[in-house]
Amino acid sequence: MSRLSRRLLAGVAAMLTPALAVTGTVLTRTSADAAVTLPPTHAKFDYQIGGAYTPPAGVQVVTRDRTAAPAAGLYNICYVNAFQVQPGEQGQWDSDLLLRDAKGRLVIDQDWGEPLLDVRTADKRNRIAAKVNGWIDGCAAKGYKAIEPDNYDSYTRSKKLLTAANAKAYLTLLATHAHSKNLAIAQKNTVELAGSRQAVGLDFAVAEECGQYNECGDYVDAFGNNVIVIEYTDSGRSTACSQYGGTLTIVQRDVDVSTPGDSGYVRKTC
């Protein structure tokens, strides 16, 4: 399922910390943490979360939905909707794990029609993480090398019921589990929290429309060249390519992230 980046209407991005030291493509945080293999930087990339298909010639890195098989011989990133409920899957969640307002109404991401998960307490975060970590286990078993947990910024759409601290605490649980399976884990969008990448345990960034909104430099400040850029407009791609085409992984896709043969299919690179 495609995602356009969501942007805060107000606020200033937090101070960003330097990137973790990287030797080749292997990142080791402490002796207690497993080494994980990062995606190659400045690589040819395809974003296939709308449906898997044979990658174009030369592609080295692919992101696919957790329900899909990885692409043979490539670096594969497993997309997981970690903070919201996929359409049609509400019945798979305990009711009390869905975020509700003071009147008991579900809090919905209106752009995608997805209920938000309630990560306000440690108990609920642990229960939600147990389910999502099961998906991460599935990604590892299939042969994926990394996880892309989407909707880190759900707290900005929560009617002020969730906080950034809630989101970071929950994502830390997922990062710890991913690392235990020797999987790298991405920060998806949410540039305002990039300064917390080390505390949360995030290894690289997947940034939608950072060229369109002049945010790519903020991700680079936090993650170095370990940034995958996805643009949805010609202007965004042009900006990203002109500034970072020689260092970052950049692709333009259509908003629906459709497959070849669909009338709206778009895939362009620098």
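The values are calculated or read from the model by the stated rules, or taken from the named source; none is laboratory data. Model, not experiment: these values are computed from the prediction. FYI the Cβ positions are ideal-geometry reconstructions off the backbone, even for glycines, and counts take in every protein chain you see. What goes into the accessible areas is simple: the full protein's heavy atoms, side chains included, and nothing from ligands, DNA or RNA. Shrake-Rupley method; radii C 1.70, N 1.55, O 1.52, S 1.80 Å.
For ASP137, the criteria (1) in contact (Cβ under 8 Å) with a residue 12 or more places away in the chain; (2) within 24 Å of PRO70 (Cα to Cα); (3) open to solvent by less than 40 Å² (accessible area, probe 1.4 Å) hold in every case but one, which is (3).
Yes/no per residue for (1) modelled with pLDDT of 95 or more; (2) of a type in the set (Gly, Ala, Ser); (3) surrounded by fewer than 22 Cβ atoms within 10 Å (Cβ to Cβ); (4) under 21 Å from THR63 (Cα atoms):
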site: ASN214; (1), (2), (3), (4): yes, no, yes, no
site: ASN226; (1), (2), (3), (4): yes, no, no, yes
site: ARG237; (1), (2), (3), (4): yes, no, no, yes
site: GLN243; (1), (2), (3), (4): yes, no, yes, no
site: ASP254; (1), (2), (3), (4): yes, no, yes, yes
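State yes or no: is LYS142 among the charged types (D, E, K, R) and either buried (at least 17 other Cβ atoms within 10 Å of the Cβ) or under 12 Å from the mean Cα position of the chain (by Cα) (or both)? Answer is no for this residue. Of everything in region 97-129, what is touching a helix residue (DSSP H, G or I) at 6+ places or on another chain (Cβ under 9 Å) and in a helix (DSSP H, G or I)? Give them in sequence order. Matches in region 97-129: LEU97, ALA122, LYS124, ARG125, ASN126, ARG127, ILE128, ALA129. Each residue in region 140-162 was checked for being polar (S, T, N, Q) and either without any contact (Cβ under 8 Å) to a residue 24 or more places away in the chain or in a helix (DSSP H, G or I) (or both), and 2 pass.
When region 214-270 is filtered for residues that are of a type in the set (Asp, Glu) and not in a strand (DSSP E or B), the ones remaining, listed by number, are GLU215, ASP218, ASP221, ASP234, ASP254, ASP256, ASP262.
Confirm whether LEU174 is of a type outside the set (Lys, Arg), over 26 Å from LYS103 (Cα atoms), open to solvent by less than 40 Å² (accessible area, probe 1.4 Å) and in contact (Cβ under 8 Å) with a residue 40 or more places away in the chain.
On the way: of a type outside the set (Lys, Arg): yes; over 26 Å from LYS103 (Cα atoms): yes; open to solvent by less than 40 Å² (accessible area, probe 1.4 Å): yes; in contact (Cβ under 8 Å) with a residue 40 or more places away in the chain: yes.
So LEU174 passes the test.
The C-beta contact set for region 224-246 (first residue under 26 Å from GLY195 (Cβ atoms), second residue of a type in the set (Ser, Thr, Tyr) and open to solvent by less than 20 Å² (accessible area, probe 1.4 Å), distance under 6 angstrom, 6+ apart or interchain) comprises VAL227/TYR219; ILE228/THR249; ILE230/TYR47. So is VAL80 free of Cβ contacts under 8 Å to residues at least 40 places away in the same chain, in contact with a strand residue (DSSP E or B) (Cβ under 6 Å, 6 or more places away or on another chain), not charged (D, E, K, R) and not in a loop (DSSP other than H, G, I, E, B) or not? Criteria not met by VAL80. Any idea which of GLN60, GLN86 is open to solvent by 10 Å² or more (accessible area, probe 1.4 Å), out of contact with any Asp or Glu (no Cβ under 8 Å at 6 or more places or on another chain) and not hydrophobic (A, V, I, L, M, F, W, C)? Within the list GLN60, GLN86, the selection yields GLN60. Counting only residues that are open to solvent by less than 40 Å² (accessible area, probe 1.4 Å) and at pLDDT below 95, region 90-123 holds 0 of them.
Within the set LEU16, LEU8, LEU38, the sole residue that is at pLDDT 50 or above and under 24 Å from GLU209 (Cβ atoms) turns out to be LEU38. Hey, any hits in region 183-195 for a residue that's open to solvent by 20 Å² or more (accessible area, probe 1.4 Å) and either in contact with a helix residue (DSSP H, G or I) (Cβ under 6 Å, 6 or more places away or on another chain) or over 27 Å from THR37 (Cβ atoms) (or both)? For region 183-195, residues open to solvent by 20 Å² or more (accessible area, probe 1.4 Å) and either in contact with a helix residue (DSSP H, G or I) (Cβ under 6 Å, 6 or more places away or on another chain) or over 27 Å from THR37 (Cβ atoms) (or both): present.
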